[in-house]
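Peer 1: I am attaching a structure below and will ask some questions about it afterwards.
The values are calculated or read from the model by the stated rules, or taken from the named source; none is laboratory data. All of these numbers come straight from a predicted model, not from anything done at the bench. Positions of Cβ are backbone-derived with ideal geometry, glycine not excepted, and every protein chain shown enters the neighbour counts. Accessible surface areas use protein heavy atoms only, side chains included; no ligands, DNA or RNA. Shrake-Rupley method; radii C 1.70, N 1.55, O 1.52, S 1.80 Å.
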Amino acid sequence: MSEIEGDAILFYKYDQKPSYQRVSKMLRNMRNAFNMNILELSEMLNTTIELSLKFIVHYGKFSQYNIGNFRKLYEKPIVEAHQMLKNDFAEQPSYALYSNSFLENSKNFEIDENRKKDPEPGVIQYFEN
């Protein structure tokens, strides 16, 4: 984990050849754990909590600098990932957006009916409700 800013968390991993299947499975597991915790809180508080997760998966070379014990990432792919968070093309609240850069550099990627191909950002994988 690199940083937390508002309601966004920036995770990163060094990987020369990322696996689409491995990353996709990790995101599904994170979403399932999130949903289970939201359900528990909703039951404890006797209210409905409507929150969703949005994942941006991007690939590129970046650098880092240290400020005390904190590592700050920078370079163009970091800026691009932040820009992809501010999108208006997603049709559902919970999704993973895989950038074209990630898809071109990953292994095990195939388009299926649960994914929407968008030429600009890449592919959106919607999570079932």
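Peer 1: Check off (1) over 13 Å from Tyr20 (Cβ atoms); (2) modelled with pLDDT under 70 for Arg115 and give me the number that stays unchecked.
Peer 2: For Arg115, the failing item is (1).
Peer 1: Which of the following residues is at pLDDT 80 or above and either part of a helix (DSSP H, G or I) or among the hydroxyl-bearing types (Ser, Thr, Tyr) (or both): Leu97, Leu103?
Peer 2: Working: Leu97 fails: either part of a helix (DSSP H, G or I) or among the hydroxyl-bearing types (Ser, Thr, Tyr) (or both).
Selected residue: Leu103, the only one of Leu97, Leu103 that is at pLDDT 80 or above and either part of a helix (DSSP H, G or I) or among the hydroxyl-bearing types (Ser, Thr, Tyr) (or both).
Peer 1: Turning to a different aspect of this structure: Name the single residue, out of those in the stretch 25-84 being modelled with pLDDT of 90 or more and of a type in the set (Gly, Ala, Ser), that is nearest to Asn100 (Cα to Cα). Before you say what the answer is, go through the steps one by one.
Peer 2: Applying the first criterion (modelled with pLDDT of 90 or more) to the stretch 25-84 yields 25-49.
From what is left, the residues that are of a type in the set (Gly, Ala, Ser) are 33, 42.
Numbers: Ala33: 27, Ser42: 37 Å.
Going through the qualifying residues, I end up with Ala33.
Peer 1: Please report, ordered by residue number, the strands (runs of 3 or more DSSP E) entirely within the stretch 1-84 with at least 1 residues that are open to solvent by less than 60 Å² (accessible area, probe 1.4 Å), under 26 Å from Val123 (Cβ atoms) and of a type in the set (Val, Ile, Thr).
Peer 2: 54-57
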